[in-house]
Every structure is written in C-alpha cells, then in structure tokens.
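Here, each number is a calculation from the coordinates, and none is a lab measurement. This one's a predicted model, so the numbers in the text were calculated from it and none came from an experiment. Every residue, glycine among them, receives a Cβ derived from its backbone with ideal geometry; neighbour counts consider all protein chains shown.
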C-alpha cells in the first residue's frame, strides 16, 4: 500500500547580491511572452548517479515548461558553464535572450542521501534572487526536482507552486462493456502511478484530506454503496458510518474534521455533514429536490453544491452556520460539480449546454463566468494548490460508437495551455482530484 515519501528540506541563503530590480513573471493571459529559463548541467560531488543528476534537471525543466509561463533555453545555446560560487557573465546570457539562469550542485552524502544546492539568477538584473539547499534520500531524487521547480516557480511568479503534489483518480481498464475501475494515485506529471484499491471492488469519487493522510471515496464493496476512508500510511480502509441509505460524493472540510456527502433516503438525495470526532451526522439540505456535489469554501464556512430545485441543475451556496442558501448560476444550460479554489476567488464547475460539456470558472457570487474547455463529455474539475490550474477528465466521442477513451487534462485558469497528463497504456483516467502540497 502507498506510503508517503518523506523529504527533509533545508532552506539556506548561500549568497545573495543586493536586490536592484524585481524580476516578475507576468501571469496574465497575453501579458507577455514566456520567460526564458536556462538550467545548467548539474555539478556532481561524490558517488552521484549521472542518471539522477540528468533526471532532476529534466524534471525541473519539464515542470516549468508545462506551465506555459516559461521557455526552456536549449542546452546547445549556452555561452558558458558557470561553476557554483562563480559569477555568470551576464552579457553572454543576455545575448542568447536568457532571462533566468539556474545553477545546481548534487552531492552524495553518507547513508544514501543527496544534498541538492541551487542558485537562481536574474540575468537582466545581474543578481542572484534565490538560493536553497535540499536534503533527501537518493530514492526521493525525483521529488527533490519537483520541490526545486516549486521554489523557482514561486520566486518568479509570486504564486504557490504545485509541482510537489499528487493526483488521485479512477483508473479504468478493460473492454468497454466490462470496465474495471480502481482507485489510483500518481505524481502531478503522471509519474509513478500505482493502485490503491483492488480490481474486485467498484470505487468512485476519491478526494484527499487536507493533510494528505487520508483519501475518502465511494465504494460498492459487497454491492453496498457507502463512503469509505483509506489511510495512505497504513493502507487501512474503514467505512465512514452506517447511515441507512446510499451515500456518495464525499468531500473533506478544509480543517479535515468534517466530511460533506450526499445521502439518499426515501428516494430523495440531500447533503449531510459528518463530524469525524463526534461521529454525528447533520442534515444540511431539505425538500424534495436532488442535492449533491458539495464543496467547502477555503475557510470552511460555506458550501457550494448543485441542486435541481429550480427545475434543472444549478449551483447554490450555503452558509453553514445559518443554512441560508443562495442560487448563483442562471446561465443557459445545467451546472454541476462545483469546486471551490484554494484561494477562495473562484468556483470551478461543469456546464452542460447545446449537447456540449464545458469546464469553467466563476467568482463565488456566480459572476464573471469563463469557459476553460469544452467537448463531448468532461467533468470533475479540481484545483491545484495556488489556484492557477484545474484538472478534469474528458471522454472522447467514440468513432465506432463503442470504444471510448478518457483523458485526465489540466488547464490554466486563463483557458490556455491545456495538456494531457500521461497515463500508462490502455488506462483511462476519470474523476481526478489534485492534492495539497505534499507534507
């Protein structure tokens, strides 16, 4: 069963030239061309695997490139090799239009441990703007690369990085009329996919707890659809409770003490809140309509959900203290699967209109709607830390009317830079959820 990788991260400023000008990446769509970044070949000290050094460099470059905010300078264009501790010839790097230079040194330490030091230089400002040192076991070298990329991204954009994260999802395999659905987890770039459930139990809707220790999900174990939790450290699975009806669509509260879920009783679906400590269930919605897909606001005081009480699916927001509700979507079509962004500024959603599915975002009052992607079928938006990107899945319409392929895709909140997260061959990806940054 999956265990979390533990990495010791030590931050240290090695030497910094006094700041004269602030290098800042423009993250507004159309605001500027991508910032050009040159990542030097890593220096190595001791019994360092050359393959590890090459891999870390490649992962850092790939992470930055996928954002759409950075252009990676080709290695053949480099004008010089700058050793750690030496000043770059900034004019030479400016001549190849490099705006950022990254140096790194990988050192083998005792006990199969690596020390990764790196410097980030603002070429035009002729100054060092970041210096860090990371320490981890050799087997965690790839994670060190993601942490390094996060540090560079955060320094250049001022936003929260999202490379040292994971995605939990439903991996679908087998023939179209007999698909197997298993819960799986992978790094945000698709690396290291592994299964979290066996092929004998149908599972759906996995979501992380805020501390990344637990995944909550819907399981059809023994043909009884119930919400379960999985401990990622131990692999233990536990049923959340016996609620007297089918329950599904679980979501953790931001503090991890509560789980919102949908519960079917007497043919009516309502949203309830389960207190993890008291084991008590509180009903939140009432009436004869279908209410589902709850999503907490970042402060845990409100809940977005979709309801058909107006005659078609629309998104509502509830105050959890008073249970007062307000409908926030009035556009043409149906709205579903709301997902509140970590910074609280947006709600992502699925929209169905004119025989097309869309993934979009809007503010928490339902205004400033922006469509990010559209297609034959797409659903289940989930936010990266920092609220810059949304992950979702899209199913392509089958040309033969039978075989259908589902991809996990990521899109920037500007609606640009959509890319597929690569999955193993013959694996379809559904219902992805992006994790918080790893502990």
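In square nanometres and to one decimal, what's the mean projected area of the convex hull around the Cα atoms of the chain?
Mean projected area of the Cα convex hull: 23.6 nm².
Taking the highest mean first, how do the peptides 214-220, 126-132 order by number of other beta carbon atoms within 10 angstrom per residue?
The densest-packed peptide leads the list: 214-220, 126-132.
How large is Rg/Rh for region 121-264, to two decimals, with Cα atoms and a Kirkwood Rh?
Rg/Rh: 1.10.
For residue 355 and residue 332, calculate 0.36 nm times their separation in residues minus their Cα-Cα distance, and state this gained length in nm to one decimal.
7.1 nm
What span do the alpha-carbon atoms of region 311-367 cover on each of the three principal axes, reported in whole Å from largest to smallest?
Projected onto the principal axes, the Cα atoms of region 311-367 cover 38, 28, 17 Å.
Could you tell me the convex hull volume per residue, in Å³, taken over the Cα atoms of region 152-207?
Looking at region 152-207, the number lands at 101 Å³ per residue.
Fewest first, what order do 322, 234, 433 take by the number of other Cβ atoms within 10 Å?
Listing 322, 234, 433 from fewest to most nearby Cβ atoms yields 322, 234, 433.
Relative contact order for the chain: what percent, with Cα pairs under 8 Å and sequence separation of 6 or more?
12 percent
Which distance in nm do the two modelled labels at residue 416 and residue 371 give, with both placed 7 Å along the Cα-to-Cβ direction?
Result: 2.0 nm between the two label points.
Based on the Cβ-Cβ distance from residue 345 to residue 139, what FRET efficiency comes out when R0 is 45 Å, to the nearest 0.05?
In this case the efficiency is close to 0.75.
Could you tell me what fraction of 2.2 N^0.38 Å the Cα radius of gyration of region 197-243 comes to, as a two-decimal ratio?
Dividing the Cα Rg of region 197-243 by 2.2 N^0.38 Å gives 1.09.
Run the quick spin-label model on residue 110 and residue 126: label points 7 Å from Cα toward the beta carbon, then report their separation in nm to one decimal.
4.4 nm
Going by how many other Cβ atoms sit within 10 Å of their own, how do 357, 286, 202 line up, fewest first?
Going from least to most buried by this count: 286, 202, 357.
Can you give me the angle between helix 141-157 and the longest principal axis of the chain, using Cα atoms only, in degrees from 0 to 90, rounded to the nearest 10?
Tilt relative to the chain: about 90 degrees.
As an exercise, use a Förster radius of 25 Å and the Cβ-Cβ distance of residue 324 and residue 279 to find the FRET efficiency, rounded to the nearest 0.05.
0.40
From the P(r) of region 368-439, could you give the percentage of C-alpha pairs in the tail past 22 Å?
Every Cα pair in region 368-439 considered, those over 22 Å come to 25 percent.
Using only helices, what value at 222 nm comes out for the chain when you add -39,500 (n - 2.57) per DSSP H run of length 4 or more and divide by the total residues, to the nearest 500 deg cm²/dmol?
Helices in the chain give a 222 nm mean residue ellipticity of -3000 deg cm²/dmol.
In angstroms, what radius of gyration and Dmax does region 287-420 have, counting Cα atoms only?
14.9, 51
If each residue's Cβ is checked for other Cβ atoms within 10 Å, how do 221, 155 rank with the fewest at the top?
221, 155
Can you give me the Cα centroid spacing of region 376-439 and region 149-170 in angstrom?
17 Å
Between residue 194 and residue 50, what is the spin-label point distance in nm, taking each point 7 Å from the Cα along the Cα→C-beta axis?
A separation of 3.0 nm, rounded to one decimal place.
Largest first and to the nearest Å, give the Cα extent of region 222-343 along each principal axis.
Principal axes ranked by extent give 46, 36, 25 Å for the Cα atoms.
Please determine, in degrees from 0 to 90 and to the nearest 10, the orientation of helix 50-66 with respect to the longest principal axis defined by the Cα atoms of the chain, where the helix direction is its Cα long axis.
Once rounded, one gets 60 degrees.
For region 237-282, just the Cα atoms, rotate onto the principal axes and tell me the three extents in Å, largest first.
Result, largest extent first: 31, 19, 19 Å.
Report, in whole Å, the centroid distance computed from the Cα atoms of region 291-309 and region 67-106.
If you average the Cα positions of each part, the centres end up 47 Å apart.
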